[in-house]
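Accompanying notes for the structure given below.
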Amino acid sequence: MDSNELKKIVISSLQDILSEQDENGEIPVADFNESTYLIGRRSFLDSLTLVSVIVDIEQKVNDEYGVSISIADERAMSQEKSPFRTIGTLAEYVKLLIKEQKQDA
């Protein structure tokens, strides 16, 4: 499990969810990178879309790594710098959660 693989999972989830919601082809699904904002003024996501993306990431991580994680937990919500800021920060947080789950197993 490396950061690039997890960034691909985050981007894939984002693209999948947005493609389902984007009936008019207005969202540029190919332009995502690790600096793409997921929350805040620079993000184009609403909160429900972000939740859908998070659920999709959790499912893909379970499928790919056989690990069950909960991304939107109390720890994530209480951090000074949100792990949901960008694709890159979310991928790093997911990497941490996977590592912790594997250590506990």
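The values are calculated or read from the model by the stated rules, or taken from the named source; none is laboratory data. For clarity, every value in this text was computed on a predicted model and none was experimentally measured. Cβ atoms come from the backbone with ideal geometry, glycine included; neighbour counts cover every protein chain shown.
Identify the residue in the range 73-84 that is over 10 Å from the mean Cα position of the chain (by Cα) and assigned to a loop (DSSP other than H, G, I, E, B) and, among all such residues, is nearest to Phe44 (Cα to Cα).
Taking the candidates together, the pick is Ser82.
Looking at the range 35-61, I want the residues that are at negative phi and of a type in the set (Ser, Thr, Tyr) and have a partner that is part of a helix (DSSP H, G or I) and buried (at least 19 other Cβ atoms within 10 Å of the Cβ) with Cβ atoms under 6 Å, at least 6 apart or on another chain. Which pairs are those?
Close Cβ pairs (under 6 Å, with a partner that is part of a helix (DSSP H, G or I) and buried (at least 19 other Cβ atoms within 10 Å of the Cβ)) amount to Thr36/Ile87; Ser52/Ile17.
Name the residues in the range 85-105 that are part of a helix (DSSP H, G or I), without any contact (Cβ under 8 Å) to a residue 60 or more places away in the chain and surrounded by 18 or more Cβ atoms within 10 Å (Cβ to Cβ), would you?
Thr89, Tyr93, Leu97 - these are the residues of the range 85-105 that are part of a helix (DSSP H, G or I), without any contact (Cβ under 8 Å) to a residue 60 or more places away in the chain and surrounded by 18 or more Cβ atoms within 10 Å (Cβ to Cβ).
Is one or more of the residues making up the range 65-73 over 21 Å from Asp16 (Cβ atoms) and either touching a Lys or Arg at 6+ places or on another chain (Cβ under 6 Å) or not hydrophobic (A, V, I, L, M, F, W, C) (or both)?
Checked against the condition, which is being over 21 Å from Asp16 (Cβ atoms) and either touching a Lys or Arg at 6+ places or on another chain (Cβ under 6 Å) or not hydrophobic (A, V, I, L, M, F, W, C) (or both), the range 65-73 yields at least one hit.
Considering (1) surrounded by 11 or more Cβ atoms within 10 Å (Cβ to Cβ); (2) in a loop (DSSP other than H, G, I, E, B); (3) in contact (Cβ under 8 Å) with a residue 40 or more places away in the chain, say which one Ser70 fails and leave the rest.
Here Ser70 meets the rest and fails (3).
Might you check whether a residue that is under 15 Å from Ser12 (Cα atoms), modelled with pLDDT of 90 or more and in contact with a helix residue (DSSP H, G or I) (Cβ under 7 Å, 6 or more places away or on another chain) occurs anywhere in the range 44-51?
yes
In the range 39-67, what count of residues is obtained for those that are surrounded by 11 or more Cβ atoms within 10 Å (Cβ to Cβ), hydroxyl-bearing (Ser, Thr, Tyr) and part of a helix (DSSP H, G or I)?
3
Out of the range 34-72, which residues are more than 12 Å from the chain's Cα centre (by Cα) and polar (S, T, N, Q)?
Within the range 34-72, Ser35, Ser43, Ser47, Asn62, Ser68 qualify.
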